[in-house]
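Undergrad: Once you've had a glance at the structure underneath, I'll fire off some questions.
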Amino acid sequence: MKSENKGVLIQRMTQAQRNFIASPATGLMIYQTDATAGFYFYNGNAWTSLSGNGDNLGNHTATQALTSYVTFQMLKVNFFLFLNIIWLIFLFVIYNSKSLP
């Protein structure tokens, strides 16, 4: 299925309607409109929320301070730049040494 201007509408139902499905197929997905609304799929044993424990797929809690990650990334970038500068100096010296008498 491919489209650049259309979408797919997952079946919408209440929790009671969802629970009334006698033998749901594994992987069946629905959008529950009441109680804890959201997307649910049947995993073969039970209905499982796609949002997992009340998370709405976009409201995640940071487990690591951003500053340490950013600092580490900056160290990697600075080290890479340092190596490139050393390499350029080396090439400059080699190139200029060939032109000396």
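Values in this text are rule-based calculations from the coordinates and carry no lab data. Remember, it's a predicted structure, so these values are computed and weren't measured experimentally. Virtual Cβ from ideal backbone geometry, glycine too; neighbours counted across all protein chains shown.
Undergrad: List every residue pair whose Cβ atoms lie under 8 Å apart, where the two residues are 6 or more positions apart in sequence or sit on different chains, the first residue falls within region 10-30 and is within 13 Å of Y42 (Cα to Cα), and the second residue, located anywhere, is basic (K, R) and not in a loop (DSSP other than H, G, I, E, B).
TA: Every condition considered, the pairs that remain are I30/R12; I30/R18.
Undergrad: Among the residues of region 1-13, is any within 22 Å of the chain's Cα centre (by Cα) and either among the small types (G, A, S) or part of a strand (DSSP E or B) (or both)?
TA: Yes: one or more hits.
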